[in-house]
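Q: I'd like to ask some things about the structure below.
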Amino acid sequence: MENNSSWFVDMTKGTIQNQYILGNIIGRGSTSTVHSCLHKGHKKYACKIILKAKLKQAETRSRIEMLIQIRHENIVTVREAYDDSLRVYIIEDLASGGELLERLASCGGYSERDAAKAIHDIALALEYIHSKKVIHGNLKPEKLLYATENDDSRLLLTDIGVLTSLTIPRKFIYCAPEMMSTDKPSSASDMWSLGIVLYIMLCGFEPFRNTDEIFSPDIWNDKTDEAKHLTASLLSNCPDDRPSASDLVNNSWVKGEKTAEHPMPNIVKNLREFNARRKFKAATLAVCATHRAIALSNCHEVVG
(Lines give C-alpha, C1' and ligand atoms only; values in the text may rest on other atoms or scores of the structure.)
Protein backbone atom coordinates (compact mmCIF):
# COMPACT_ATOMS: atom_id res chain seq x y z
CA MET A 1 0.00 0.00 0.00
CA GLU A 2 1.40 3.39 -0.97
CA ASN A 3 2.19 6.05 1.59
CA ASN A 4 -0.57 8.66 2.00
CA SER A 5 1.87 11.36 3.21
CA SER A 6 3.48 13.89 0.87
CA TRP A 7 5.16 12.32 -2.15
CA PHE A 8 7.69 15.16 -2.37
CA VAL A 9 8.35 15.94 1.29
CA ASP A 10 12.15 16.13 0.79
CA MET A 11 11.94 17.86 -2.60
CA THR A 12 9.88 20.97 -1.80
CA LYS A 13 9.33 23.25 1.16
CA GLY A 14 5.86 24.05 2.40
CA THR A 15 2.66 23.78 0.42
CA ILE A 16 1.78 25.08 -3.01
CA GLN A 17 -0.62 27.58 -1.41
CA ASN A 18 2.29 29.16 0.47
CA GLN A 19 4.34 29.62 -2.70
CA TYR A 20 1.91 30.20 -5.57
CA ILE A 21 -1.40 31.86 -6.35
CA LEU A 22 -3.36 29.68 -8.76
CA GLY A 23 -5.10 31.51 -11.60
CA ASN A 24 -7.42 30.60 -14.44
CA ILE A 25 -7.44 27.32 -16.31
CA ILE A 26 -5.39 27.73 -19.50
CA GLY A 27 -5.48 24.14 -20.71
CA ARG A 28 -7.25 20.82 -20.24
CA GLY A 29 -6.21 17.31 -21.08
CA SER A 30 -7.77 13.90 -20.62
CA THR A 31 -5.82 13.43 -17.37
CA SER A 32 -4.92 16.93 -16.16
CA THR A 33 -5.80 20.61 -16.03
CA VAL A 34 -3.30 23.45 -16.42
CA HIS A 35 -3.63 26.75 -14.55
CA SER A 36 -1.66 29.94 -14.78
CA CYS A 37 -0.04 30.78 -11.43
CA LEU A 38 2.03 33.47 -9.74
CA HIS A 39 5.06 32.66 -7.66
CA LYS A 40 4.62 34.70 -4.46
CA GLY A 41 2.58 37.17 -6.48
CA HIS A 42 5.35 38.04 -8.95
CA LYS A 43 6.55 35.72 -11.74
CA LYS A 44 4.07 33.78 -13.89
CA TYR A 45 4.30 30.02 -14.33
CA ALA A 46 2.02 27.17 -15.40
CA CYS A 47 0.71 24.64 -12.90
CA LYS A 48 -0.37 21.22 -14.13
CA ILE A 49 -2.74 19.41 -11.76
CA ILE A 50 -3.20 15.63 -11.92
CA LEU A 51 -5.30 13.45 -9.64
CA LYS A 52 -3.19 11.07 -7.55
CA ALA A 53 -5.67 8.29 -8.27
CA LYS A 54 -4.29 8.23 -11.84
CA LEU A 55 -0.66 7.96 -10.70
CA LYS A 56 1.75 5.62 -8.99
CA GLN A 57 3.79 7.27 -6.26
CA ALA A 58 7.24 5.81 -6.91
CA GLU A 59 7.07 6.21 -10.68
CA THR A 60 5.67 9.74 -10.45
CA ARG A 61 8.38 10.86 -8.06
CA SER A 62 11.10 9.30 -10.21
CA ARG A 63 9.87 10.95 -13.37
CA ILE A 64 9.47 14.37 -11.79
CA GLU A 65 13.00 14.15 -10.42
CA MET A 66 14.13 13.38 -13.97
CA LEU A 67 12.10 16.22 -15.50
CA ILE A 68 13.51 18.78 -13.06
CA GLN A 69 17.02 17.87 -14.27
CA ILE A 70 16.17 18.53 -17.95
CA ARG A 71 17.35 21.92 -19.20
CA HIS A 72 17.17 22.80 -22.90
CA GLU A 73 16.12 25.92 -24.77
CA ASN A 74 13.51 23.97 -26.77
CA ILE A 75 11.93 22.19 -23.80
CA VAL A 76 9.48 23.60 -21.26
CA THR A 77 11.34 23.64 -17.94
CA VAL A 78 9.77 21.84 -14.98
CA ARG A 79 10.64 23.75 -11.79
CA GLU A 80 9.18 21.79 -8.87
CA ALA A 81 6.25 19.70 -7.68
CA TYR A 82 3.82 19.76 -4.75
CA ASP A 83 0.98 17.55 -3.67
CA ASP A 84 -1.93 17.26 -1.27
CA SER A 85 -4.10 14.30 -0.35
CA LEU A 86 -5.76 14.14 -3.78
CA ARG A 87 -3.59 15.93 -6.34
CA VAL A 88 -0.10 16.44 -7.71
CA TYR A 89 0.86 19.98 -8.78
CA ILE A 90 3.69 20.37 -11.29
CA ILE A 91 5.14 23.87 -11.71
CA GLU A 92 6.69 24.63 -15.08
CA ASP A 93 7.61 27.62 -17.21
CA LEU A 94 4.67 29.31 -18.91
CA ALA A 95 4.69 28.97 -22.70
CA SER A 96 2.48 31.85 -23.79
CA GLY A 97 2.89 31.75 -27.56
CA GLY A 98 0.24 29.16 -28.37
CA GLU A 99 0.32 25.79 -30.12
CA LEU A 100 2.37 25.14 -33.25
CA LEU A 101 -0.54 24.27 -35.53
CA GLU A 102 -2.68 27.13 -34.24
CA ARG A 103 0.05 29.63 -35.10
CA LEU A 104 0.62 28.17 -38.56
CA ALA A 105 -3.12 28.23 -39.25
CA SER A 106 -3.26 31.92 -38.32
CA CYS A 107 -0.76 32.74 -41.09
CA GLY A 108 -1.93 33.84 -44.50
CA GLY A 109 0.23 31.13 -46.01
CA TYR A 110 3.27 29.53 -44.44
CA SER A 111 5.93 27.73 -46.43
CA GLU A 112 8.03 24.57 -46.30
CA ARG A 113 10.77 26.67 -44.72
CA ASP A 114 8.46 27.56 -41.80
CA ALA A 115 7.66 23.86 -41.32
CA ALA A 116 11.36 22.98 -41.50
CA LYS A 117 12.19 25.55 -38.80
CA ALA A 118 9.59 23.97 -36.50
CA ILE A 119 10.93 20.47 -37.16
CA HIS A 120 14.46 21.69 -36.44
CA ASP A 121 13.43 23.03 -33.02
CA ILE A 122 11.62 19.80 -32.13
CA ALA A 123 14.52 17.67 -33.39
CA LEU A 124 16.93 19.59 -31.15
CA ALA A 125 14.71 18.87 -28.15
CA LEU A 126 14.37 15.19 -29.03
CA GLU A 127 18.10 14.87 -29.69
CA TYR A 128 18.75 16.18 -26.19
CA ILE A 129 16.33 13.90 -24.33
CA HIS A 130 17.22 10.84 -26.42
CA SER A 131 20.90 11.39 -25.58
CA LYS A 132 19.85 11.05 -21.94
CA LYS A 133 17.87 7.85 -22.66
CA VAL A 134 14.61 9.72 -22.08
CA ILE A 135 11.62 9.12 -24.38
CA HIS A 136 8.79 11.56 -24.87
CA GLY A 137 6.24 8.81 -25.44
CA ASN A 138 3.23 10.91 -26.43
CA LEU A 139 4.38 13.45 -29.01
CA LYS A 140 1.55 15.19 -30.85
CA PRO A 141 0.66 18.76 -31.89
CA GLU A 142 -0.74 19.72 -28.47
CA LYS A 143 2.71 19.10 -26.95
CA LEU A 144 4.41 21.73 -29.14
CA LEU A 145 4.12 25.28 -27.80
CA TYR A 146 5.77 28.60 -28.59
CA ALA A 147 7.57 30.33 -25.73
CA THR A 148 6.19 33.77 -26.62
CA GLU A 149 3.97 35.47 -29.16
CA ASN A 150 7.00 36.96 -30.94
CA ASP A 151 7.53 35.93 -34.57
CA ASP A 152 11.01 34.61 -33.73
CA SER A 153 9.88 32.67 -30.66
CA ARG A 154 11.43 29.32 -29.81
CA LEU A 155 9.23 26.26 -30.25
CA LEU A 156 9.08 24.18 -27.06
CA LEU A 157 8.44 20.51 -26.39
CA THR A 158 6.32 19.86 -23.31
CA ASP A 159 4.94 16.92 -21.30
CA ILE A 160 8.03 14.72 -21.63
CA GLY A 161 7.46 11.27 -20.18
CA VAL A 162 3.89 10.16 -19.57
CA LEU A 163 3.04 10.60 -15.89
CA THR A 164 -0.25 8.74 -15.97
CA SER A 165 0.71 5.21 -15.04
CA LEU A 166 -2.75 3.70 -14.80
CA THR A 167 -4.21 5.07 -18.01
CA ILE A 168 -2.06 6.30 -20.90
CA PRO A 169 -4.28 7.95 -23.51
CA ARG A 170 -2.52 8.06 -26.87
CA LYS A 171 -4.09 8.90 -30.18
CA PHE A 172 -3.82 5.97 -32.57
CA ILE A 173 -2.38 7.85 -35.55
CA TYR A 174 0.59 9.18 -33.54
CA CYS A 175 1.55 5.69 -32.30
CA ALA A 176 4.23 3.92 -34.32
CA PRO A 177 3.17 0.55 -35.79
CA GLU A 178 5.39 -1.42 -33.40
CA MET A 179 3.56 0.11 -30.42
CA MET A 180 0.39 -1.64 -31.46
CA SER A 181 1.91 -4.87 -30.15
CA THR A 182 4.38 -3.73 -27.48
CA ASP A 183 2.86 -0.44 -26.19
CA LYS A 184 6.45 0.44 -25.29
CA PRO A 185 7.61 3.84 -26.61
CA SER A 186 11.14 4.31 -27.94
CA SER A 187 13.22 6.99 -29.59
CA ALA A 188 12.15 5.53 -32.94
CA SER A 189 8.46 5.79 -32.01
CA ASP A 190 9.03 9.44 -31.11
CA MET A 191 10.36 9.93 -34.63
CA TRP A 192 7.24 8.33 -36.13
CA SER A 193 5.11 10.77 -34.12
CA LEU A 194 7.22 13.66 -35.40
CA GLY A 195 6.67 12.36 -38.94
CA ILE A 196 2.92 12.61 -38.42
CA VAL A 197 3.31 16.19 -37.20
CA LEU A 198 5.42 17.01 -40.28
CA TYR A 199 2.83 15.45 -42.58
CA ILE A 200 0.08 17.56 -40.98
CA MET A 201 2.13 20.74 -41.40
CA LEU A 202 2.68 20.00 -45.10
CA CYS A 203 -0.84 18.76 -45.92
CA GLY A 204 -3.18 20.23 -43.31
CA PHE A 205 -4.58 16.86 -42.22
CA GLU A 206 -3.47 13.50 -40.84
CA PRO A 207 -2.25 10.71 -43.14
CA PHE A 208 -3.97 7.40 -43.62
CA ARG A 209 -2.27 4.28 -42.30
CA ASN A 210 -1.91 2.87 -45.83
CA THR A 211 1.38 4.40 -46.95
CA ASP A 212 0.52 3.80 -50.61
CA GLU A 213 -2.19 6.44 -50.36
CA ILE A 214 -0.67 9.20 -48.24
CA PHE A 215 1.35 11.00 -50.94
CA SER A 216 -1.46 12.12 -53.21
CA PRO A 217 -0.21 14.19 -56.19
CA ASP A 218 -3.02 16.69 -55.57
CA ILE A 219 -1.35 17.62 -52.27
CA TRP A 220 2.31 16.82 -52.87
CA ASN A 221 2.98 18.11 -56.40
CA ASP A 222 4.06 21.51 -55.07
CA LYS A 223 6.30 20.02 -52.34
CA THR A 224 10.01 19.40 -52.78
CA ASP A 225 11.31 15.88 -53.23
CA GLU A 226 13.35 16.39 -50.06
CA ALA A 227 10.21 17.13 -48.02
CA LYS A 228 8.46 14.03 -49.35
CA HIS A 229 11.50 11.80 -48.82
CA LEU A 230 11.97 12.98 -45.23
CA THR A 231 8.29 12.51 -44.38
CA ALA A 232 8.29 9.02 -45.90
CA SER A 233 11.42 8.01 -44.00
CA LEU A 234 9.97 9.17 -40.67
CA LEU A 235 6.83 7.14 -41.41
CA SER A 236 8.71 3.96 -42.25
CA ASN A 237 7.07 0.87 -40.75
CA CYS A 238 10.51 -0.38 -39.72
CA PRO A 239 11.84 1.52 -36.66
CA ASP A 240 15.46 1.02 -37.74
CA ASP A 241 14.79 2.75 -41.05
CA ARG A 242 13.60 6.00 -39.45
CA PRO A 243 16.12 8.82 -39.08
CA SER A 244 17.18 9.73 -35.56
CA ALA A 245 16.73 13.17 -34.04
CA SER A 246 20.43 13.82 -34.68
CA ASP A 247 19.95 12.88 -38.34
CA LEU A 248 17.16 15.46 -38.57
CA VAL A 249 19.22 18.22 -36.97
CA ASN A 250 21.78 17.75 -39.76
CA ASN A 251 19.30 17.17 -42.59
CA SER A 252 19.60 19.70 -45.43
CA TRP A 253 15.82 20.19 -45.71
CA VAL A 254 15.41 20.66 -41.96
CA LYS A 255 18.26 23.19 -41.98
CA GLY A 256 16.35 25.18 -44.61
CA GLU A 257 18.85 24.58 -47.41
CA LYS A 258 16.50 22.69 -49.76
CA THR A 259 13.08 23.96 -48.78
CA ALA A 260 10.48 25.65 -50.97
CA GLU A 261 9.68 29.21 -49.91
CA HIS A 262 6.38 29.74 -51.69
CA PRO A 263 3.30 30.05 -49.42
CA MET A 264 0.78 27.22 -49.13
CA PRO A 265 -2.63 28.95 -48.72
CA ASN A 266 -4.64 25.81 -49.51
CA ILE A 267 -2.80 23.94 -46.78
CA VAL A 268 -3.66 26.74 -44.33
CA LYS A 269 -7.35 26.22 -45.14
CA ASN A 270 -7.00 22.48 -44.52
CA LEU A 271 -5.13 23.12 -41.29
CA ARG A 272 -7.78 25.48 -39.95
CA GLU A 273 -10.43 22.82 -40.53
CA PHE A 274 -8.19 20.20 -38.92
CA ASN A 275 -7.63 22.40 -35.86
CA ALA A 276 -11.36 23.04 -35.48
CA ARG A 277 -12.10 19.29 -35.44
CA ARG A 278 -9.19 18.65 -33.08
CA LYS A 279 -10.28 21.35 -30.63
CA PHE A 280 -13.87 20.09 -30.61
CA LYS A 281 -12.75 16.54 -29.80
CA ALA A 282 -10.35 17.81 -27.11
CA ALA A 283 -13.09 19.91 -25.50
CA THR A 284 -15.45 16.93 -25.43
CA LEU A 285 -12.81 14.71 -23.82
CA ALA A 286 -11.94 17.43 -21.31
CA VAL A 287 -15.57 17.76 -20.21
CA CYS A 288 -15.80 14.00 -19.71
CA ALA A 289 -12.52 13.99 -17.78
CA THR A 290 -13.73 16.84 -15.56
CA HIS A 291 -16.90 14.95 -14.72
CA ARG A 292 -14.86 11.85 -13.83
CA ALA A 293 -12.50 13.92 -11.68
CA ILE A 294 -15.38 15.53 -9.78
CA ALA A 295 -16.98 12.15 -9.18
CA LEU A 296 -13.68 10.68 -7.99
CA SER A 297 -13.00 13.65 -5.71
CA ASN A 298 -16.47 13.39 -4.19
CA CYS A 299 -15.92 9.67 -3.65
CA HIS A 300 -12.65 10.34 -1.78
CA GLU A 301 -14.32 12.96 0.39
CA VAL A 302 -17.12 10.58 1.32
CA VAL A 303 -14.65 7.82 2.16
CA GLY A 304 -12.51 10.26 4.15
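Q: Working carefully through the options Ile135, Ile129, Ile122, find the one that is touching an Asp or Glu at 6+ places or on another chain (Cβ under 8 Å) and under 20 Å from Val76 (Cβ atoms). Working first, answer last.
A: Numbers: Ile129 fails: touching an Asp or Glu at 6+ places or on another chain (Cβ under 8 Å); Ile122 fails: touching an Asp or Glu at 6+ places or on another chain (Cβ under 8 Å).
After applying the criteria, what remains is Ile135.
Q: With respect to Ile70, determine if the residue is in contact with a strand residue (DSSP E or B) (Cβ under 6 Å, 6 or more places away or on another chain), surrounded by 15 or more Cβ atoms within 10 Å (Cβ to Cβ) and either within 25 Å of Glu127 (Cβ to Cβ) or of a type in the set (D, E, K, R) (or both). Talk me through it step by step, then tell me what you get.
A: Numbers: in contact with a strand residue (DSSP E or B) (Cβ under 6 Å, 6 or more places away or on another chain): no; surrounded by 15 or more Cβ atoms within 10 Å (Cβ to Cβ): yes; either within 25 Å of Glu127 (Cβ to Cβ) or of a type in the set (D, E, K, R) (or both): yes.
The answer is no for Ile70.
Q: Please report, ordered by residue number, the strands (runs of 3 or more DSSP E) entirely within segment 40-111 with at least 2 residues that are touching a residue at least 24 places away in the same chain (Cβ under 8 Å) and within 18 Å of Lys143 (Cα to Cα). Walk me through how you get there before you give the answer.
A: On the way: elements: 43-51, 78-83, 87-93.
Because the criterion is at least 2 residues that are touching a residue at least 24 places away in the same chain (Cβ under 8 Å) and within 18 Å of Lys143 (Cα to Cα), the strands (runs of 3 or more DSSP E) in segment 40-111 that meet it are 43-51, 87-93.
Q: Return yes when Leu234 is under 18 Å from the mean Cα position of the chain (by Cα) and at pLDDT below 95 and no when it is not.
A: No, not satisfied.
Q: Look at Asp225 and say whether it is closer than 21 Å to Arg272 by Cβ, over 22 Å from the mean Cα position of the chain (by Cα) and not aliphatic (A, V, I, L, M).
A: On the way: closer than 21 Å to Arg272 by Cβ: no; over 22 Å from the mean Cα position of the chain (by Cα): yes; not aliphatic (A, V, I, L, M): yes.
So Asp225 fails the test.
Q: Also, quick follow-up: Out of the residues in segment 129-155 that are in a loop (DSSP other than H, G, I, E, B) and over 15 Å from the mean Cα position of the chain (by Cα), which is surrounded by the most Cβ atoms within 10 Å (Cβ to Cβ)? Write out each step before concluding.
A: Taking segment 129-155 and keeping what is in a loop (DSSP other than H, G, I, E, B), we get 132-140, 147-154.
With over 15 Å from the mean Cα position of the chain (by Cα) added as a condition, the list becomes 132-133, 148-153.
Details: Lys132: 11, Lys133: 8, Thr148: 13, Glu149: 10, Asn150: 9, Asp151: 8, Asp152: 6, Ser153: 17.
Checking each candidate, the answer is Ser153.
Q: If you don't mind, another one. For the structure I just gave you, tell me whether Ala260 is over 22 Å from Glu142 (Cα atoms), of a type in the set (A, V, I, L, M) and modelled with pLDDT under 95. Break it down into steps so the answer makes sense when it comes.
A: On the way: over 22 Å from Glu142 (Cα atoms): yes; of a type in the set (A, V, I, L, M): yes; modelled with pLDDT under 95: yes.
Criteria met by Ala260.
Q: Another one. Specify the residue that is surrounded by the fewest Cβ atoms within 10 Å (Cβ to Cβ); the eligible residues are those in segment 242-256 that are of a type in the set (D, E, K, R) and more than 22 Å from Cys107 (Cα to Cα). Explain how you work it out, then say what you get.
A: Initially, segment 242-256 is screened for residues of a type in the set (D, E, K, R), giving 242, 247, 255.
The next check asks that each one be more than 22 Å from Cys107 (Cα to Cα); those that pass are 242, 247.
Working: Arg242: 22, Asp247: 16.
So the residue we want is Asp247.
Q: Another question, if that's okay. Of the residues Lys269, Lys223, Lys279, which is over 20 Å from Arg103 (Cα atoms) and either assigned to a helix (DSSP H, G or I) or in contact (Cβ under 8 Å) with a residue 40 or more places away in the chain (or both)?
A: On the way: Lys269 fails: over 20 Å from Arg103 (Cα atoms); Lys279 fails: over 20 Å from Arg103 (Cα atoms).
The conditions single out Lys223.
Q: Regarding Asp212, is this residue more than 23 Å from Leu100 (Cα to Cα) and modelled with pLDDT of 95 or more?
A: Details: more than 23 Å from Leu100 (Cα to Cα): yes; modelled with pLDDT of 95 or more: no.
No.
The values are calculated or read from the model by the stated rules, or taken from the named source; none is laboratory data. Fair warning: this is a prediction, and the values are worked out from it, not measured in the lab. Counting neighbours? That spans all protein chains shown, and the Cβs are built from the backbone with ideal geometry, glycine included.
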